[in-house]
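Worksheet: the structure to be examined is printed underneath.
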Amino acid sequence: MRKLIVELGERSYPIFIGKGLLKDPSLIEPYLSASQLMCVTNTTLAEMYADWFKQENLKVAKFNTVVLPDGEQFKNLETLNLIFDALLQNRHNRKTCLLAFGGGVIGDMTGFAAASYQRGVDFIQVPTTLLSQVDSSVGGKTGVNHALGKNMIGAFHQPKCVVIDTEVLKSLPDRELSAGLAEVIKYGLIADQPFFEWLEHNMEKLVQRDEEALAYAIEQSCLTKAKVVAADEREGGVRAILNLGHTFGHAIEAHQGYGVWLHGEAVGAGMMMACEMSRKLGWIDDKLVNRSRKLIEAAGLPACPPSNMSADDFLKYMSVDKKVLDGSLRLVLLKGCGQAVVTEEFDRQALMETLP
Ligand SMILES: NC(=O)c1ccc[n+]([C@@H]2O[C@H](COP(=O)([O-])OP(=O)(O)OC[C@H]3O[C@@H](n4cnc5c(N)ncnc54)[C@H](O)[C@@H]3O)[C@@H](O)[C@H]2O)c1
Ligand SMILES: [Zn+2]
């Protein structure tokens with residue numbers, strides 16, 4: 001087992017990474033001060049991992065599970081309310097702990113429920129998709145979507161710990177594995193050139209679910225995420241580099257209808273748009289754009305935006321993106337491999353030429 005720490009002073013917490021960690025209740029038990037635990041999961045996982053959702057597995061007096069419908073289209077306030085219903089119906093108090101068992105959708109919703117239930121209770125992340133293991137479970141961004149924009153309602157709320165069991169990836173569909181690889185590639189592009197090069201040599205192994213390669217990619221990704229979050233917890237500055245490809249990607253997700261393009265797929269195409277735009281600005285060369293495209297395609301991800309989207313469609317959604325500050329558009333772009341910049345200062349022409 002590997003243990004990393006997200007260094008945030010009194011809000012610091014460990015990330016445990018290893019094979020079969022779900023079978024080890026001792027990782028979770030220290031956080032159950034009130035002996036109350038509300039597991040939040042979805043219909044797919046509740047069935048697939050039915051054995052895990054049993055009270056006898058954990059030494060906890062009150063153990064409840066709330067099962068949400070599965071899908072990005074349910075990441076909204078209405079579904080969130082089901083968590084509050086379950087907490088109140090089962091009389092969970094301020095000392096309860098929520099446990100997110102699922103991908104990023106479950107993690108984001110559980111975290112937001114924990115941030116707001118009785119003004120804030122503890123929560124634990126047990127991420128089960130590659131995307132949530134390398135990205136969404138770490139860093140404390142929680143929330144739900146609004147019809148007019150993704151993740152528009154939410155809070156910063158750090159988990160007490162993150163338990164990453166690499167074994168659960170065995171049941172993950174191929175398409176979801178690829179979606180997670182988008183965020184993995186992102187870390188190489190924004191901040192870690194050696195890791196980008198490692199990915200170029202090991203993408204095939206990752207796609208084939210080589211256990212060692214996956215564990216290494218998860219660890220490196222979490223290391224970068226933890227470092228960036230520790231430097232800028234609430235995204236006042238550098239943390240925004242984690243959004244490479246996301247402004248374009250969120251526009252794709254919202255326009256297609258949440259859940260049609262997976263988040264990671266939209267980020268894959270969005271990162272290519274950010275690469276293309278950086279090249280048009282003369283900040284990176286063709287070679288890096290081509291290497292990125294090769295990597296994104298090797299991961300099984302789309303490298304172009306959907307054919308039914310126009311430049312106007314993109315602009316419409318980009319103007320409600322949280323990253324648009326004071327009416328001016330702030331984008332994450334590249335100045336090299338492993339060198340992301342967050343800037344409002346770019347030639348608008350380059351943006352327009354990048355949009356379809
Ligand atoms: N908070 C953050 O910092 C952050 C960062 C990145 C992404 N996100 C959010 O994360 C969400 C995407 O997360 P995701 O890609 O994990 O999608 P997801 O949560 O929808 O999970 C994908 C699918 O895989 C299924 N699944 C999960 N684990 C499985 C397993 N082990 N075996 C079989 N099936 C499994 C789920 O039931 C679901 O159908 C988006 O809403 C995105 O906005 C948040
Ligand atoms: Zn993302």
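Quick one: length gained pulling Glu211 to Glu345 fully straight, 0.36 nm per residue minus the C-alpha distance?
Values: separation 134, 0.36 × 134 = 48.24 nm, distance 4.22 nm.
Here the segment from Glu211 to Glu345 would lengthen by 44.0 nm.
Any idea what the alpha-carbon Rg over 2.2 N^0.38 Å comes to for segment 197-280? Mind dumping the intermediate values first?
Numbers: Rg = 14.9 Å, N = 84, 2.2 N^0.38 = 11.8 Å.
Against the empirical 2.2 N^0.38 Å value, I get 1.26 for segment 197-280.
Modelled label-to-label distance, Ser35 and Glu167, 7 Å Cα→beta-carbon offset: nm?
Here the modelled spin labels are 2.8 nm apart.
Between Ile106, Trp52, Ile15, whose Cα lies farthest towards the positive end of the dipole of segment 2-171 when Lys and Arg beta carbons carry +1 and Asp and Glu beta carbons carry -1, centred on the Cα centre?
Of Ile106, Trp52, Ile15, it is Ile15.
Can you tell me how much longer the chain between Lys287 and Gln193 gets when fully stretched, taken as 0.36 nm per residue apart minus their C-alpha distance, in nm with one decimal?
32.4 nm
Over segment 136-185, what number does the Rg to Rh ratio reach, with both radii from the alpha-carbon atoms and Rh per Kirkwood? Show your work: numbers first, answer last.
Details: Rg = 13.7 Å, Rh = 13.2 Å.
That ratio is 1.04, to two decimals.
Can you give me the long-range amide H partners of Ser35? Hydrogens built in the peptide plane at 1.01 Å from N, cutoff under 5 Å, separation of 5 or more residues or another chain.
Here the answer is none, since no amide H 5 or more places off falls under 5 Å of that of Ser35.
Roughly what would the spin-label model give for Lys23 and Leu8, points 7 Å off Cα along C-beta, in nm?
3.1 nm
DSSP H helices in the chain with Cα extent of 24 Å or more along the helix axis and mean Kyte-Doolittle hydropathy at least -0.5? If you can, show how the numbers build up before the last one.
On the way: long enough: 174-191 (26 Å, 0.46); 211-231 (30 Å, 0.44); 263-280 (25 Å, -0.05).
Taking the DSSP H segments of the chain (at least 24 Å long, mean hydropathy at least -0.5), we get 174-191, 211-231, 263-280.
Determine the calculated [θ] at 222 nm for the chain from helices alone, applying -39500 (n - 2.57) to every DSSP H run no shorter than 4 residues and normalising by the residue count; nearest 500 deg cm²/dmol. Let's see the in-between values first.
Details: 11 runs with 143 residues, N = 356.
Rounded to the nearest 500, it is -12500 deg cm²/dmol.
I'd like the per residue volume of the convex hull spanned by the Cα atoms of segment 103-189, given in cubic angstrom. Intermediate values should be presented prior to the final figure.
Details: hull volume 9.2 nm³, N = 87.
So the per-residue hull volume is 106 Å³.
So what is Rg over Rh here for segment 1-50, counting just Cα atoms and using Kirkwood for Rh? Mind showing how you got there, number by number?
On the way: Rg = 13.6 Å, Rh = 13.3 Å.
Ratio value, two decimals: 1.02.
Amide H to amide H under 5 Å from Leu98: which residues, 5+ apart in sequence or cross-chain, H placed 1.01 Å off N in plane?
Here Met38, Asp122, Phe123, Ile124 satisfy the definition.
Students often forget the sequence filter, so: which aspartates and glutamates lie under 15 Å Cα-Cα from Lys280 once same-chain residues fewer than 8 apart are removed?
Glu345, Asp347, Glu353
Radius of gyration and Dmax for segment 241-311's Cα atoms, expressed in Å?
According to the Cα coordinates of segment 241-311, Rg and Dmax are 11.8, 34 Å.
What length, rounded to one decimal in nm, is gained on full extension from Ala50 through to His146, with 0.36 nm per residue of separation minus their alpha-carbon distance?
Working: separation 96, 0.36 × 96 = 34.56 nm, distance 3.10 nm.
Here the segment from Ala50 to His146 would lengthen by 31.5 nm.
Give the relative contact order (percent, whole number) for segment 2-171; include only Cα pairs under 8 Å separated by 6+ residues. Could you put the intermediate results ahead of the total?
Values: 339 pairs, mean separation 43.6, N = 170.
Once divided by the residue count of segment 2-171, the mean separation gives 26 percent.
Stokes-Einstein diffusion coefficient for the chain at 25 °C in a medium of 0.890 mPa s, Rh from the Kirkwood formula over Cα pairs: what value in µm²/s?
Working: Rh = 20.4 Å.
So the translational diffusion coefficient is about 120 µm²/s.
Can you tell me which lysines have their Cα less than 29 Å from the Cα of Lys54? Leave out same-chain residues fewer than eight positions away.
Lys3, Lys19, Lys23, Lys62, Lys75, Lys95, Lys141, Lys160, Lys170
Using a Förster radius of 41 Å, what is the FRET efficiency between Leu315 and Phe156 based on their Cβ-Cβ separation? Nearest 0.05, please. Kindly include the intermediate steps, with their values, before the conclusion.
Details: r = 28 Å, r/R0 = 0.69.
Computed FRET efficiency for Leu315 and Phe156 comes out at 0.90.
The numbers here are math on the coordinates, done by the rules we state, and not lab data. No experiment lies behind these values; they were computed from the predicted model shown. Cβ atoms come from the backbone with ideal geometry, glycine included; neighbour counts cover every protein chain shown.
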